[in-house]
Every structure is written in structure tokens, then in C-alpha cells.
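K.L.:
Below: one structure in C-alpha cells.
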Amino acid sequence: MTITHTIDASGKTFGRVASAAAKALMGKNSPDYVANKVADVRVYITNAGKTKMSERRMNETLHEHYSGYPGGLKITTNSKIVEKKGWKGLYELAVYGMLPSNKLRPLMIKRLTITE
């Protein structure tokens, strides 16, 4: 039996929506939580484009990515990510970072669906 969580992001703070989605994906809010199994949960974030985020947070929050080569450090802001990938890309990045970094993380992130 698949449990579905629908989170309406309109007017809500970005980080609170992302952390609620991460907790639901891990199965932390279900009574049969087991740390070594992927929860049978689907999480839907709707109205992602109507999320509340300040202008300062959009321009001053930095995300780093290193390619492994000399001089390969790339730094992007939230506004650049929203321009390039939309709010969906920003939510995926945030929720992915909040999930535990083990072999279950890619399986959990596949159960997240974001609509703008």
C-alpha cells in the first residue's frame, strides 16, 4: 500500500517544505519506520513556483560543485538554478541534500514529484 503525501508550497518557506518532503520520503512520520528500507511513500510538491523566498536568499545562497579538475570549482546561486532548471531543480537539490547519504538515497529521490 503506497502512502502519498501532497505538500502545497504556495506561500510557504522553501526550507520547511523541503525538510517536510525529506522526512516523508525517509518514512520518519509513519509508525512502521525502518532505517534500512525505502519507505513505500510517494511525495508530491505542488505550486513550487509560488514558494516564499527572500531576494537576499535567492542571490546570496551559494551552491558549490567541483568537477575534480584543477580550476573546476563551480559556484551558483539559487536565482541561477531557478533560471536554468526552475523551482523543480532547486527543490531536488535541497531534498537530495537532506536525505541520508547511503545507497537508499537515489531510490528515495525517485519517489519525489515536483510540479510548478
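Rule-based calculations on the coordinates, nothing more; no lab input. It should be emphasised that the depicted structure is a prediction, and the values quoted were computed from it without experimental measurement. Methodologically, a virtual Cβ is constructed for each residue, glycine included, from the backbone with ideal geometry; neighbour enumeration extends over all protein chains shown.
K.L.:
Compute the distance in nm between two label points, each set 7 Å from the Cα along the Cα-to-Cβ direction, one at Met53 and one at Asn36.
P.N.:
Simple spin-label model gives 3.7 nm for this pair.
K.L.:
If you take the charge dipole of segment 8-92 about its Cα centre, with +1 on Lys and Arg Cβ and -1 on Asp and Glu Cβ, which of Ser67, Val41, Phe14 is farthest toward its positive end?
P.N.:
The Cα lying farthest towards the positive end belongs to Phe14.
K.L.:
Starting from the Cα of Thr77, move 7 Å in the Cα-to-Cβ direction to define the label point; list residues of segment 11-26 whose amide nitrogen is under 15 Å from there.
P.N.:
none
K.L.:
Additional query: Pick the calculated mean projected area of the Cα convex hull in nm² for this structure from (1) 8.0; (2) 6.6; (3) 7.2?
P.N.:
Looking at mean projected area of the Cα convex hull in nm² for this model, the match is (1).
K.L.:
Oh, and also: How tilted is helix 78-98 with respect to the longest principal axis of the chain? Cα atoms for both, answer in degrees (0 to 90, nearest 10).
P.N.:
40
K.L.:
Could you tell me which of the pairs Lys12/Lys80; Lys37/Lys74; Lys28/Lys74; Lys52/Lys110 are separated by over 31 angstrom between their Cα atoms in the structure shown? Kindly include the intermediate steps, with their values, before the conclusion.
P.N.:
Details: Lys12/Lys80 21 Å; Lys37/Lys74 34 Å; Lys28/Lys74 34 Å; Lys52/Lys110 25 Å.
Too far apart for the 31 Å limit: Lys37/Lys74; Lys28/Lys74.
K.L.:
Whose amide H sits under 5 Å from the amide H of Glu116, counting only residues 5 or more places off or on another chain, with H placed in the peptide plane?
P.N.:
Here the answer is Ala48, since their amide H atoms fall under 5 Å of that of Glu116.
K.L.:
May I ask you to compute the full-extension gain from Thr4 to His63, defined as 0.36 nm times their residue separation minus their alpha-carbon distance, rounded to one decimal in nm? Don't skip to the end; give the middle numbers.
P.N.:
Numbers: separation 59, 0.36 × 59 = 21.24 nm, distance 3.00 nm.
Extending this stretch completely gives an extra 18.2 nm.
K.L.:
While we're looking at this one, here's another question. Among Thr61, Thr115, which comes first, then next, by fewest other beta-carbon atoms within 10 Å? The partial results should precede the final answer.
P.N.:
Working: Thr61 15, Thr115 12.
By the 10 Å Cβ count, ascending, the order reads Thr115, Thr61.
K.L.:
A further question follows. Sorted from fewest to most neighbouring beta carbons within 10 Å, what does the list Arg56, Arg42 look like? Don't jump to the answer; show the numbers that get you there.
P.N.:
Working: Arg56 8, Arg42 16.
The most exposed by this proxy come first: Arg56, Arg42.
K.L.:
Treat every Asp and Glu Cβ in the chain as -1 and every Lys and Arg Cβ as +1, leave all other atoms uncharged, and give the resulting dipole magnitude about the Cα centre to the nearest 20 debye.
P.N.:
Rounded to the nearest 20 debye, it is 60 debye.
K.L.:
A follow-up question, please. Taking neighbour Cβ counts within 10 Å as the exposure measure, how do Ser30, Ser67 sort from fewest upward? Write down the numbers at each step before the final one.
P.N.:
Details: Ser30 14, Ser67 9.
Exposure proxy ranking, most exposed first: Ser67, Ser30.
K.L.:
Now for a separate question. Using θ = phi - 60° and the Karplus form 6.51 cos²θ - 1.76 cosθ + 1.60, what ³J(HN,Hα) does each residue of segment 101-116 get, whole Hz, x for Gly and Pro?
P.N.:
For segment 101-116, the Karplus-derived couplings read 8, 9, 6, 8, 4, x, 6, 6, 5, 5, 8, 9, 10, 10, 10, 9 Hz, x marking Gly and Pro.
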